[in-house]
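The values are calculated or read from the model by the stated rules, or taken from the named source; none is laboratory data. All values derive from a computational prediction rather than experimental measurement. We place every Cβ from the backbone using ideal geometry, glycine too, and count neighbours over all the protein chains shown. Ligands, DNA and RNA are excluded from the accessible area calculation, which covers all protein heavy atoms including side chains. Shrake-Rupley method; radii C 1.70, N 1.55, O 1.52, S 1.80 Å.
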Amino acid sequence: MVVPVSFVYGFNPSLNFNIQLQTTDEHNFFKAIMGLYIGFSIQWTLGIFKNNYLKSALISHIIFMFGLGLGRVLSYFLDGTPTFGYQFGTFAELFLGFYGLWVLKNKNTNFAEK
């Protein structure tokens, strides 16, 4: 889910946002967000395939998802209700954050054993 969104941010942000990038700095900003998303996705993928990366992948996943989700919740209160897609995104990010906490809690005994 994060990788396709990153490519939209990096190469066609006007697809999701009512903006037209005008300067090199604006393009650079959105490409940096794309790189950040892809970087985290790589770490999460490593956590799936390499057990010694799982704990750090889970922790960064939890922080990433709760950061996005809680930022959107703050926006509800300060800016109003967004469109359905962004409402769904808020739910999905908070769900994935809580799911990451659940996995971390239930796998915690496995981390201590290895």
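Comparison of Leu78, Leu54 shows that the only residue that is modelled with pLDDT of 95 or more and in a helix (DSSP H, G or I) is Leu78. Can you spot a residue in region 12-28 that is surrounded by 14 or more Cβ atoms within 10 Å (Cβ to Cβ), under 18 Å from the mean Cα position of the chain (by Cα) and either without any contact (Cβ under 8 Å) to a residue 12 or more places away in the chain or under 20 Å from Gly97 (Cα atoms) (or both)? The answer is no, given that none of the residues of region 12-28 is surrounded by 14 or more Cβ atoms within 10 Å (Cβ to Cβ), under 18 Å from the mean Cα position of the chain (by Cα) and either without any contact (Cβ under 8 Å) to a residue 12 or more places away in the chain or under 20 Å from Gly97 (Cα atoms) (or both). Mind listing just one residue for me: the one in region 76-105 that is charged (D, E, K, R) and open to solvent by 50 Å² or more (accessible area, probe 1.4 Å) and, of those, farthest from Gly47 (Cα to Cα)? The extreme case among them is Asp79. Considering only region 50-94, state which residues are polar (S, T, N, Q) and in contact with a Gly (Cβ under 9 Å, 6 or more places away or on another chain). If the condition is that a residue be polar (S, T, N, Q) and in contact with a Gly (Cβ under 9 Å, 6 or more places away or on another chain), then Ser56, Ser60, Thr90 are the ones that fit. Selection of region 92-104 for residues being without any contact (Cβ under 8 Å) to a residue 12 or more places away in the chain and within 20 Å of Tyr37 (Cα to Cα) yields Phe95, Phe98, Tyr99. Of the residues making up region 29-36, one or more are free of Cβ contacts under 8 Å to residues at least 60 places away in the same chain, out of contact with any His (no Cβ under 9 Å at 6 or more places or on another chain) and of a type in the set (Phe, Trp, Tyr).
Of the residues in region 96-104, at least one is under 26 Å from Gly10 (Cα atoms) and assigned to a helix (DSSP H, G or I).
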